[in-house]
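The values are calculated or read from the model by the stated rules, or taken from the named source; none is laboratory data. Computed from a predicted model, the values in this text were never measured in an experiment. All Cβ positions, even for glycine, are placed from backbone atoms using ideal geometry, and neighbour counts span all protein chains on display. The protein model used for the area step is the full one, side chains on, heavy atoms only, and it has no ligands, DNA or RNA in it. Shrake-Rupley method; radii C 1.70, N 1.55, O 1.52, S 1.80 Å.
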Amino acid sequence: ERPRAARMGHSTEFLVLMVGPFYLLLACWQFVGLATLADKHLCPTLERFCKSLELPTGLAGATLLAFGSSAPELAIASVSALTGRAAYAIETILASALIAFGLIPAVAVYLAGPLRLHVTGALRDALFYALALGLLVRFSARPTVRAADACLLILVYVLHVLVIAVVPAADGGEGW
């Protein structure tokens, strides 16, 4: 007996070829909508927020934007930890970081043209990221990750935010 799709004159490949481009167009449309929303509403609101509270923009990026863009990873990590599948959370977070640090800056430079990058800020952020990643690798080598390990990783993040807030920026801006 032939499969139902073959009896009806349809093949799976045909459906994939017809539906695949639709999903690709839908994804592109969502990215354009997200970019428009961020450009017209998120960025101006964040700028007003930083100005009214006298916060450095780097601090807003390391806190508000970081939590907002990491919301899916935070949800996956929480659910994975609660269900006892924490290995999925680590893989998801590390893969997301590859996209955030490898793909997004390259696409931004490609679309926006050359960007001015302040080496001190990039080195500061890279140092803290390397420290957190090194600690995570060290903790993952053991059979269990303790609460103290998690607290140390949180402390690294808090120190990163404090350094951004207190140390004057290289572009002439001031710390908190």
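Data for the structure
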item	result
Cα centre as origin, Lys/Arg/Asp/Glu Cβ charges: the chain dipole, Debye	440
Nearest-ten-degree value, helix 119-140 long axis tilted from longest Cα axis of the chain	60
Surface per residue (accessible, 1.4 Å probe) for the chain, Å²	77
Angle between the chain longest axis and helix 147-166 axis [Cα atoms, degrees, rounded to 10]	60
Three-way shape label, the chain, alpha-carbon gyration tensor, a/c 1.5	oblate
Label point distance in nm, residue 155-residue 81, each placed 7 Å from Cα along Cα→Cβ	1.7
Gaussian network model of the chain, springs between alpha carbon atoms under 10 Å - residue of 58, 113, 20 with greatest fluctuation	20
Per-residue [θ]222 nm for the chain (sum of -39500 (n - 2.57) over DSSP H runs n ≥ 4, rounded to 500)	-22500 deg cm²/dmol
Segment 52-95 shape via C-alpha gyration tensor axes, a/c threshold 1.5	prolate
Derived scalar couplings ³J(HN,Hα) [segment 65-72; Karplus, 6.51 cos²θ - 1.76 cosθ + 1.60; whole Hz; x for Gly, Pro]	5, 5, 5, x, 6, 9, 4, x
Accessible area of segment 1-134 belonging to carbon and sulfur atoms, whole % at 1.4 Å probe	73
